[in-house]
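A quick write-up on the structure given underneath.
Each value in this text was obtained by applying a stated rule to the coordinates, not by laboratory testing. On a predicted model such as this, the values are computed, not experimentally measured, just so you know. Cβ sites come from the backbone with ideal geometry, for glycine too, and all protein chains shown count toward neighbours.
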């Protein structure tokens, strides 16, 4: 019985056709200039991106390869990519480790908007087969997903925030926007 909701939630989370935004989130997307040097980033060059949690706001900072000195201690996650050519949409490279870093960073959050963000990250990691669904449990009026990280073997329990389809799409769009995948 509980698994039906999980499967429905997974299908809802992975539908990419509704474009909405959520007011509760504050995100910054990719920059066009290097955060260290102020130099404009050029098409095709290697760029290092850092995701930080700055007072409840995920902030993305981009660095050119020549200015990169490694991730700051406040980094939630970091990755490298190629800066896209102007006028050409960048094909996103989904880095499971970056998603896992976000997932782990939000483990103790009590903020409902951030719990929703973490839940959608969980569903994306399940879809990418980094997390494996093990069970769904009822705790009071809440449904909890039990998943396992196939690489580390760690088991996690994540409360289902009961997102509506438009909320699910909005949070998914926010995850993609903050990581520069849209």
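The simple spin-label model puts a point 7 Å past each Cα toward its Cβ; for residue 57 and residue 155 those points are separated by 4.0 nm. Sorting 158, 147 from the fewest to the most surrounding beta carbons within 10 angstrom yields 158, 147. Please check which bits of the stretch 132-161 a label hung off residue 107 would reach, taking the label as a point 7 Å along Cα-to-C-beta and the cut-off as backbone N under 15 Å. Backbone N within reach: 147-159. Label the stretch 61-182 by shape, choosing from rounded, prolate and oblate, from the square roots a ≥ b ≥ c of the eigenvalues of the Cα gyration tensor; if a/c is under 1.5 it is rounded, and otherwise prolate applies when a/b is larger than b/c, oblate when it is not. Prolate is the answer for the stretch 61-182, as a/c is 1.5 or above and a/b outweighs b/c. Full extension of the chain between residue 164 and residue 74 gives 29.1 nm of extra length, using 0.36 nm per residue less the Cα-Cα distance.
Counting neighbouring Cβ atoms within 10 Å and putting the fewest first, the residues 109, 122 line up as 109, 122.
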